Amino acid sequence: MLHDDATAGNESTVAPSPLGSVQHRVHTGPTGSRDYDLYVPAGLTAPAPLLVMLHGGTQNAADFALGTGMNRLADQNGFVVAYPEQSRSANPAGYWNWFQPDDQRRDSGEPAIIAGIVTEIAAAHAIDPARIFVAGLSAGGAMAEVMAATYPEVFAKVGVHSGLPYRSAADVGSAFGVMSSGHFTAAASPTPVLVVHGDHDSTVAVGNATGVLQCRLLAYPQASTGEVTRSSEGGRAFIRTRHRIGGRTVAESFIVTGGGHAWFGGDPKGSYTDPSGPDASAELVRFFLED
């Protein structure tokens, strides 16, 4: 269970879509407040999964929803999507503060705010508590890892696109260092993860993808060595690696050949997208919803 003394969210105008609706809300809790958009498909079957999507730096909720196309997949697969939006007063460029110690702890800073948003949504909608997921891009991917580490009983799985390992930095200076070089921390994390990263990413080095996977393998030493496949299905060539226990995937990665710092398979109308694929959004949904 989450323990949160947050006040109820304030809902503003509801913008209809052909199949669902976007609700613009504000969450206020003990450690601060954030705006967020909530997409609810029409005709949703309860209890429904919930996916929390954390944008990258300079982005906002609407931009991230457009670029990832996740609302369309929500319509097709029957899940709710939340898009928390970083406050420019908390970070002028809109980056989640994944590198700040106060924002790396349970019941503190931004993790408490994001967890409070989940609690608020679950109170207002019939959400399946066993199928709550979190994913993000870049700084949002790093913050998704923070959420998986600090609230492992809440988030069943996590997706890290072009992100970084938990507690790989402790201030701005060390954040830039690990972004450029890659990093591994000996912080075992039990939350199953799907990592997507370009091997030519000049903003967040691909070594960080390895670091995220290694954190899972510390938690699951009995996992398989790794099933490696190579493909160019859906666009760019990629190397897919899966670590399993029995039939259950605990760590999976897509390392995209020649890929830079962008959401693969995304809509070019959104920022930081690479429409040439593979389809990161579809792979995340597949990973989240599979048994």
Among the residues of region 56-77, the number that are part of a loop (DSSP other than H, G, I, E, B) and touching a helix residue (DSSP H, G or I) at 6+ places or on another chain (Cβ under 9 Å) is 4
Only one of ALA262, ALA282, ALA223, ALA251 is modelled with pLDDT under 95 and of a type in the set (A, V, I, L, M), namely ALA223
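Among the residues of region 161-208, how many are β-branched (Val, Ile, Thr) and touching a strand residue (DSSP E or B) at 6+ places or on another chain (Cβ under 9 Å)? Outline the logic, then answer.
From region 161-208, those β-branched (Val, Ile, Thr) are 172, 178, 185, 191, 193, 195-196, 203-204, 206; that's our starting set.
Checking which are touching a strand residue (DSSP E or B) at 6+ places or on another chain (Cβ under 9 Å) leaves us with 191, 193, 195-196, 204, 206.
So the count comes out to 6.
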Considering region 232-274, residues that are in contact with a Gly (Cβ under 7 Å, 6 or more places away or on another chain) and among the β-branched types (Val, Ile, Thr), and then whichever is nearest to GLU290 (Cα to Cα), we arrive at THR241
(1) among the β-branched types (Val, Ile, Thr); (2) surrounded by fewer than 24 Cβ atoms within 10 Å (Cβ to Cβ); (3) touching a Gly at 6+ places or on another chain (Cβ under 9 Å) all hold for THR150 apart from (3)
So is ASP102 farther than 21 Å from VAL26 by Cα, open to solvent by 10 Å² or more (accessible area, probe 1.4 Å) and not hydroxyl-bearing (Ser, Thr, Tyr) or not? yes
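Run down GLY78, GLY94 and say which single residue is open to solvent by less than 10 Å² (accessible area, probe 1.4 Å), farther than 16 Å from GLU145 by Cα and over 12 Å from the mean Cα position of the chain (by Cα). Spell out how you get there, then give the answer.
On the way: GLY78 fails: open to solvent by less than 10 Å² (accessible area, probe 1.4 Å).
Going through GLY78, GLY94 in turn, just one is open to solvent by less than 10 Å² (accessible area, probe 1.4 Å), farther than 16 Å from GLU145 by Cα and over 12 Å from the mean Cα position of the chain (by Cα): GLY94.
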Taking first residues from region 101-113 that are in contact (Cβ under 8 Å) with a residue 40 or more places away in the chain and second residues anywhere that are among the aromatic types (Phe, Trp, Tyr) and in a loop (DSSP other than H, G, I, E, B), the pairs with Cβ under 9 Å that are 6 or more apart or on different chains are ASP103/TRP96; GLN104/TRP98; GLN104/TYR166; ARG106/TYR151; GLU110/TRP96; GLU110/TRP98; PRO111/TYR151
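Looking at ARG88, ARG167, can you tell me which residue is modelled with pLDDT under 95 and either open to solvent by 10 Å² or more (accessible area, probe 1.4 Å) or not small (Gly, Ala, Ser) (or both)?
Values: ARG88 fails: modelled with pLDDT under 95.
None of the other options fit; the residue is ARG167.
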Within region 100-125, the count of residues that are part of a loop (DSSP other than H, G, I, E, B) and more than 14 Å from ALA82 (Cα to Cα) comes to 6
When restricted to ARG236, ARG240, ARG216, ARG248, the only residue within 16 Å of VAL196 (Cβ to Cβ), open to solvent by 60 Å² or more (accessible area, probe 1.4 Å) and among the charged types (D, E, K, R) is ARG236
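Please determine, by comparing only the residues of region 130-143 that are within 16 Å of PRO49 (Cβ to Cβ) and either touching a residue at least 60 places away in the same chain (Cβ under 8 Å) or in contact with a Leu (Cβ under 8 Å, 6 or more places away or on another chain) (or both), which one is surrounded by the fewest Cβ atoms within 10 Å (Cβ to Cβ).
Step one: of region 130-143, the residues within 16 Å of PRO49 (Cβ to Cβ) are 130-135.
Filter once more, keeping what is either touching a residue at least 60 places away in the same chain (Cβ under 8 Å) or in contact with a Leu (Cβ under 8 Å, 6 or more places away or on another chain) (or both): 131-135.
Values: ARG131: 16, ILE132: 24, PHE133: 27, VAL134: 32, ALA135: 32.
Filtering first and then ranking leaves ARG131.
The values are calculated or read from the model by the stated rules, or taken from the named source; none is laboratory data. Predicted model, so just to flag it, every value in this text is computed and none were measured. Here Cβ is always computed from backbone atoms with ideal geometry, including for glycine, and neighbour counts include all displayed protein chains. Heavy atoms of the whole protein, side chains included, go into the accessibility calculation; ligands, DNA and RNA do not. Shrake-Rupley method; radii C 1.70, N 1.55, O 1.52, S 1.80 Å.
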